[in-house]
Amino acid sequence: MSEESTSSLQATCDQLSRALADRSAQLENATREFEQFAYSVSHDLRAPLRAVEGFAQILSEDYGDVLDDDGKRAIKILVSGARKASLLLEDLLTHFRISRNPFSADFVNMNLLVAEKKRELEVAAGKAEIRVGNLPEAWGDAKWLGTAIEQLLRNAIKFSRNQEKPLIEITGKMEARETIYSIRDNGVGFDAKYADRLFGVFQRLHGEEEFEGRGIGLAIVMKVQRRHGGNAWAEGKIGQGATFYISVPNREAVSGS
């Protein structure tokens, strides 16, 4: 190849590289603007929704005696819908805060963190047995790692609750560049071909009449792990339970040493 051809090719590559960088910056700005808009809307909607729920409750308590069955049923639906919407907004705000709030990395004792979340979810766990192995420590933000663990525990509790003996097992292992934690349950499982959909916002593989939920908990898990520079994924089979994994880079991998 001649020197002129080489120079022309290099100029073309440089031009394409600049164009790609510009497009990436535009996409990043558009995503940031959308998140700011969505955060503001979600935040501002909380007050009117609480007002709707509150006044509906007052109406039910103060005027329940003069309402017929249809009126009482309508108020019940109104209260339920407002409460569900409020909880959904709180989940959305949590999802947005992962990017907006400060991120403080340090060594995290995962044995203590998981034990704390286990205690907090004792009532929700019901008859489920939660076994916890000896977990290696993680390098990350304790608050957000706790959020991810809580979401995964709630998920495992929910989808294994119909088993005669619900069992949830939490394990962890440290590898050369990352530490991986897993939460396995013996619940209903899922079709493996839909595994990639699990971590999307508002993605559900089971009907709400079968399992309650708002379709954002696993999206929160993924965003927490991405903020750490790690990942989240799942394995499962229908009727044979599921295993969810989260990974966080080790300190040495983050620092580049």
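Residue under question is LEU145, and the condition is that it be open to solvent by 30 Å² or more (accessible area, probe 1.4 Å), outside any loop (DSSP other than H, G, I, E, B) and either touching a helix residue (DSSP H, G or I) at 6+ places or on another chain (Cβ under 7 Å) or not hydroxyl-bearing (Ser, Thr, Tyr) (or both); does it hold? Spell out how you get there, then give the answer.
Values: open to solvent by 30 Å² or more (accessible area, probe 1.4 Å): no; outside any loop (DSSP other than H, G, I, E, B): yes; either touching a helix residue (DSSP H, G or I) at 6+ places or on another chain (Cβ under 7 Å) or not hydroxyl-bearing (Ser, Thr, Tyr) (or both): yes.
The answer is no for LEU145.
Would it be correct to say that GLU53 is at pLDDT 80 or above and among the charged types (D, E, K, R)? Yes, satisfied.
Report yes if ARG46 is charged (D, E, K, R), farther than 24 Å from ILE183 by Cα, at pLDDT 75 or above and under 26 Å from the mean Cα position of the chain (by Cα), otherwise no. Criteria not met by ARG46. The condition of being open to solvent by 30 Å² or more (accessible area, probe 1.4 Å) and hydrophobic (A, V, I, L, M, F, W, C) does not hold for PHE96. For first residues located in region 185-196 and at pLDDT 85 or above, partners that are part of a helix (DSSP H, G or I) and open to solvent by less than 10 Å² (accessible area, probe 1.4 Å) and lie 6+ apart or on another chain with Cβ distances below 6 Å form the pairs ASP185/ALA156; ASP185/SER160; ASN186/SER160; GLY187/SER160.
Within region 106-118, the residues that satisfy the criterion of being under 19 Å from the mean Cα position of the chain (by Cα) and closer than 22 Å to ASN250 by Cα are MET110, LEU113, VAL114.
Among the candidates ALA124, ALA176, ALA138, ALA74, single out the residue that is of a type in the set (A, V, I, L, M, F, W, C) and open to solvent by less than 40 Å² (accessible area, probe 1.4 Å).
Working: ALA124 fails: open to solvent by less than 40 Å² (accessible area, probe 1.4 Å); ALA176 fails: open to solvent by less than 40 Å² (accessible area, probe 1.4 Å); ALA74 fails: open to solvent by less than 40 Å² (accessible area, probe 1.4 Å).
Among ALA124, ALA176, ALA138, ALA74, only ALA138 is of a type in the set (A, V, I, L, M, F, W, C) and open to solvent by less than 40 Å² (accessible area, probe 1.4 Å).
Please specify each residue of region 155-168 satisfying the condition of being more than 17 Å from ALA232 (Cα to Cα) and open to solvent by less than 80 Å² (accessible area, probe 1.4 Å). ILE157, LYS158, PHE159, SER160, GLN163, PRO166, LEU167, ILE168, listed by residue number. Annotation for region 250-257: at least one member residue is modelled with pLDDT under 90, surrounded by fewer than 15 Cβ atoms within 10 Å (Cβ to Cβ) and outside any helix (DSSP H, G or I). Counting residues in region 226-240 that are crowded, with 22+ Cβ neighbours inside 10 Å, in a helix (DSSP H, G or I) and modelled with pLDDT of 80 or more gives one or more. Residue pairs whose Cβ atoms lie under 6 Å apart, separated by 6 or more positions or on different chains, with the first residue in region 82-106 and over 19 Å from ARG227 (Cα atoms) and the second outside any helix (DSSP H, G or I) and open to solvent by 50 Å² or more (accessible area, probe 1.4 Å), are LEU88/ARG214.
The values are calculated or read from the model by the stated rules, or taken from the named source; none is laboratory data. Computed from a predicted model, the values in this text were never measured in an experiment. Cβ coordinates were reconstructed from backbone atoms using ideal geometry, including for glycine residues, and neighbour counts include every protein chain displayed. Only protein heavy atoms, including side chains, enter the accessible area calculation; ligands, DNA and RNA are left aside. Shrake-Rupley method; radii C 1.70, N 1.55, O 1.52, S 1.80 Å.
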